[in-house]
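Okay, structure first, notes after.
The values are calculated or read from the model by the stated rules, or taken from the named source; none is laboratory data. Note that the structure is a prediction, hence the values are computed from the model and not measured. Counting neighbours? That spans all protein chains shown, and the Cβs are built from the backbone with ideal geometry, glycine included. The protein model used for the area step is the full one, side chains on, heavy atoms only, and it has no ligands, DNA or RNA in it. Shrake-Rupley method; radii C 1.70, N 1.55, O 1.52, S 1.80 Å.
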Amino acid sequence: MRTIQGAHGSGIFSMNGCEEGFATGGRDGCVRLWDLNFKPITVIDLRETDQGYKGLSVRSVCWRGDHILVGTQDSEIFEVVVHDRNKPFLIMQGHCEGELWALAVHPTKPLAMTGSDDRSVRIWSLIDHALIARCNMEEPIRCAAVSTDGIHLALGMKDGSFTVLRVRDMTEVVHVKDRKEAIHELKYSPDGAHLAVGSNENTVDIYGVVQRYKKVGECIGSRSFITHMDWSTDSKNLQTNDGSGRRLFYRMPSGKEVTNREELKLVQWASWTCVLGPEVNGIWPKYSDINDINSVDANFNNQVLVTADDYGLVKLMRYPCIRKGAKFKKYLGHSAHITNARWSHDYQWVITIGGADHSVFQWKFIPERKSSKEALHIAPQETLADSNSEESDSDQSDVPEMDSEIEQETQLTYRRQVYKEDLPQLKEQCREKHRATAMKKRERAPGNGIKLHFIHGYRGYDCRSNLFYTQTGEIVYHVAAVGVVYNRQQNTQRFYMGHDDDILCLAIHPLKDYVATGQVGRDSSVHIWDTETLKPMSVLKGFHQLGVCALDFSADGKRLASVGLDDNHTIVLWDWRKGEKLSAMRGSKDKIFVIKINPYLPDKLITAGVKHMKFWHKVGGGLIGRKGNMGKTETMMCAVYGWSEEMVFSGTCTGDICIWRDMFLMKTVKAHDGPVFSMHALEKGFVTGGKDGIVALWDDTFERCLKTYAIKRAVLAPGSKGLLLEDNPSIRAISLGHGHILVGTKNGEILEVDKSGPITLLVQ
C-alpha cells in the first residue's frame, strides 16, 4: 500500500501500536512516534540524552500516554517521559555481549561485583537491587576477587593480565601482565597479605599485596588450566583444581607443592569453592563430565552448599556431601551454562550469573527450620572444612560434676513452637476461619486504654551481668520483653518496648548512654537504644537464630559483639551504627555465657561457657579462635580483661578465678564456694559475686581479698523496698558506679551495696 522511506537511519527492530498511534525503535538509537496515519509526530534520539552513549541500539519499544518504555541491546530498560525526553529514567541495567564469568562478593557489605566479556565491571547493591558503580576496562574480564578488608577489587583478564581497582572510586591501583592466556581464578588470602592468580597456562602466581603486587611465588604442577582455588584459614596453604580433574596443594607464599596428605588433615579452609575433594564428592551426578559443574560455594554456618552447572540448574545440597549423587534441591531460571555462584557476606543471599544469558540472579536463602526434636538428634558432622570444629575430650574423668544451677540453665533452649513472627499468619488463618460465621458487624474497640506504669521483677535466674548504672545515675536492666530504666530516688520506671519476646542479655555502651539488648526469636534481633529518649538507635537482624545470649561493646563504643543460641552459638562482630556485620564464626557446640571485646585491641575478643574458654582474633570477614591452654576443661561463668591487653580473668563453676596471659593459664585462685557468676574490673582491682551470696572486693592481682559483703536480711537498710526471699541469694550480676555496688540475684532482686556496709533492696 505504502512505504515510508528512511523512517530510521538503519534497521527498525521494534514497533508498537497504541490508541495515539505508533512507536518505532531502531539500531540508530532513536525512538520515533507516529500518528495513526503514520505521519511523524516526534523523534527521541536516546544517544543524545543524559544516559545516552555512542552505539546505543533500541530493541524494544512500548508507548502508553506520556510514557515510553525502551529496551536496548545492552540489557538496559529506560522510561522516557515525552515532555522531558532528555532525561530518561534508567529502570534496569545488565551485562551484554560475550560471556559473563566474573563474580565476587564484598566481605563485610551487601555488595556483589561482576565482570564480563563486554569489558565492564559493575558493583551491585544487594539491598537496593541497583547498580551503584560501573567501570569499563580495556580487556574482557574473566574473574574477580575482593580483598579481605574490602578495599581492593582484583580483576582477571582474558589476555592474561590482571588489574586491581579501589572499590570506593574504581580507580586503578596496579595493572600486571605476567601471562599470555586468560586468568580464570583469583583469590585473596584470609590475612589479606597475598593474592593468588590462576591462569590457563596451568600455573598459579602469588603476589604480595603490601609490596604493591610484586610476584613472590609460583605454583607449578597442574597439567591443565586452573579452574578453582581456596586458601586455608591461616593463609599458609592453597588448594587448586584444574581442567584435567586434579586437586593439588601448595605451601604459601613460596608455592612449593605439598605431596604428604597427612600434613593436610588438620588444615582448615577459609572457603570452599573447589569442585573436587571428598567434601564435595556428592555434587557430581552420575555420568557427568569434569567440566559440567562450573561453580561451588559452601556456607559453613548453615552447612549447605550451592552449585552452578552447565544445565542451567542452581542446586542446594548439604555440606559436606561425601557420597556421589547426593540429594539436592534444584532451582530454575537461568538458561544453560551458569558460570558462577557465591554466598553474600552474611549468607542471606545467593548470587548466580549466566554465561550466555548475561544475567545476575539474586536468590534469598531460607534456612532450614528444624523441630526441637530433630535438632536434638541430628549431630553435626565434623569435617576438614569446619573452620572451628570442637575437639572431643577423650578423658572426662577429671571434669568436675556440673553445678545444679548451671546444669538447669544449660537445659533451657528458648525454642518456641510458635514465635511472635508467626502471629500475622496465624491471625489471617483465624480470620478466614471465622469470616463465614461472623456475619454481624464487629463492635469498635473501646476508646479507653492502659499504660504500663511499674514492673516488679528482674531477670536473674538464667542471665548474668545484665544490670548497670546509666550516665545520669539511673539503673538499667531487663525483665520479660521490656528494657527498664529505674530511678532509685523517685522509685519510678521508664520502659523500652521495642522487643516482642523475652530479652536474654544486656550490655551498656562505654559512655553509659546507650544499651544493647538481645531477645528470643526465630530471626532474633539486637536493639541498641538510648536510655534517656528510649528510642532505638539501631536494630540488628538476620544473623542469629533462636535467640541472642551474650553482648558486649568495644571500648571505643563503635563495635558490638553478639552470641546466638543456634546449635553453633554463632559469634558476630558488628559495626552497629551502620548495621553491618564485620565478622562471623561458629563459637561452640556447647552454650556460651559471656563474650568480651579486648578494650585495648578491638580485633581481639574472648568467649566463655560450658567447658569453653576461647581467645579470638578478627581476620577479614571471619574470626579465628584458639582454646585456652589449661589442663582440664572447666566451665566458665564470667570473664573480664585486666590491666593490659594480654591479661584475662575468668570465673569457674567451681568457685575459682583463672588468671590468663594471652591464652595460657598462669594460676587459679579460690574465690567463692560454688560458681563465680559475675565479675567486674575496677581501675585497681576487681569485684566478684557467686552462688554463695558473697560480694568480694579484690586487689589488682587477686592476691588479697580486701573486703566481703554477705547479702543477708539482717543488714538491709531501712529504706529497702521489701524483704529478701532468702539469705545469701545466688548473685548473678555486679556493677559499680556512683559510690555503690549494684547487685542482681537469681531470685529477681536488685540491691545497692554501700561500700561502708549498708545494703538497700531496690527491686524484687
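A convex hull fitted around the alpha carbon atoms of region 121-172 yields 83 Å³ per residue. Rolling a 1.4 Å probe over the protein chains gives residue 500 an accessible area of about 70 Å². For residue 237, the residues 5 or more places off, or on other chains, whose built amide H falls under 5 Å of its own are 232, 252. Most tightly packed first, judged by the mean number of other beta-carbon atoms within 10 Å of their residues, the peptides 465-471, 644-650, 167-173, 450-456 read 465-471, 644-650, 167-173, 450-456. Grouping the Cα pair distances of region 508-580 into 5 Å bins from zero gives a pair-distance distribution of 4, 18, 30, 26, 15, 6, 1, 0 percent in increasing distance order. Ligands, DNA and RNA are left out, and with a 1.4 angstrom probe the accessible area of the chain is 46 Å² per residue. Summarising the label geometry, the points placed 7 Å from Cα in the beta-carbon direction at residue 489 and residue 535 lie 2.5 nm from one another.
Using a ≥ b ≥ c from the Cα gyration tensor of region 706-761 (square roots of the eigenvalues), is it rounded, prolate or oblate, where a/c under 1.5 gives rounded and otherwise the larger of a/b and b/c decides, a/b for prolate? Note, shape of region 706-761 comes out rounded. Between region 4-61 and region 637-674, the C-alpha centres lie 77 angstrom from each other. With a Förster radius of 51 Å applied to the C-beta separation of residue 220 and residue 96, the computed FRET efficiency comes to 0.85. Across the protein chains, with a 1.4 Å probe defining accessible surface, the residues 738, 680 rank 738, 680 from largest area downward. Using alpha carbons only, the radius of gyration of region 253-369 set against its Kirkwood radius gives Rg/Rh = 0.99. Largest accessible area first, the residues 344, 359 order themselves as 359, 344 under a 1.4 Å probe with ligands, DNA and RNA left out.
Using a Cα distance threshold of under 20 Å, what count of lysine pairs results for region 565-619 when pairs must be 8 or more residues apart or interchain? Pairs that pass both the separation and distance tests number 14. The long axis of helix 423-435 is offset from the longest Cα principal axis of the chain by roughly 80 degrees. Note on region 1-141: Cα-only Rg and Dmax are 17.5, 64 Å. Would you calculate the separation in nanometres between label points at residue 82 and residue 247, each defined as 7 Å from the Cα along the Cα-to-beta-carbon direction? Here the modelled spin labels are 6.4 nm apart.
Heavy-atom accessible area, probed at 1.4 angstrom with all protein chains present, ranks 219, 549 as 549, 219, highest first.
Using Cβ point charges alone (K and R +1, D and E -1), the dipole size of the chain about the Cα centre works out to roughly 1280 debye.
Between residue 5 and residue 138, what is the FRET efficiency for a Förster distance of 35 Å, r being their Cβ-Cβ separation, to the nearest 0.05? The pair residue 5/residue 138 has a calculated efficiency of 0.30.
Of the solvent-accessible surface of the chain, computed with a 1.4 Å probe over protein heavy atoms with every protein chain present, carbon and sulfur atoms account for 50 percent. For the pair residue 575 and residue 661, what calculated FRET efficiency results from E = 1/(1 + (r/R0)^6), where r is the Cβ-Cβ distance and R0 = 30 Å, to the nearest 0.05? My answer for the efficiency is 0.50.
A 1.4 Å probe, protein heavy atoms only, puts the accessible area of residue 504 near 10 Å².
A straight Cα-to-Cα reach below 16 Å connects residue 177 with the lysines 158, 214, 215, residues fewer than 8 places away in its own chain not being considered.
Oblate is the label for region 1-82, because a/c, from the alpha-carbon gyration tensor with a ≥ b ≥ c as root eigenvalues, is 1.5 or above and a/b does not exceed b/c. Accessible surface of residue 279, taken over heavy atoms with a 1.4 Å probe and every protein chain present, rounds to 10 Å². Please say if region 150-228 is rounded, prolate or oblate, where rounded means a/c under 1.5 for a ≥ b ≥ c the square roots of the C-alpha gyration tensor eigenvalues, and otherwise the choice is prolate for a/b larger than b/c and oblate otherwise? Because a/c hits 1.5 or more and a/b exceeds b/c, region 150-228 counts as prolate.
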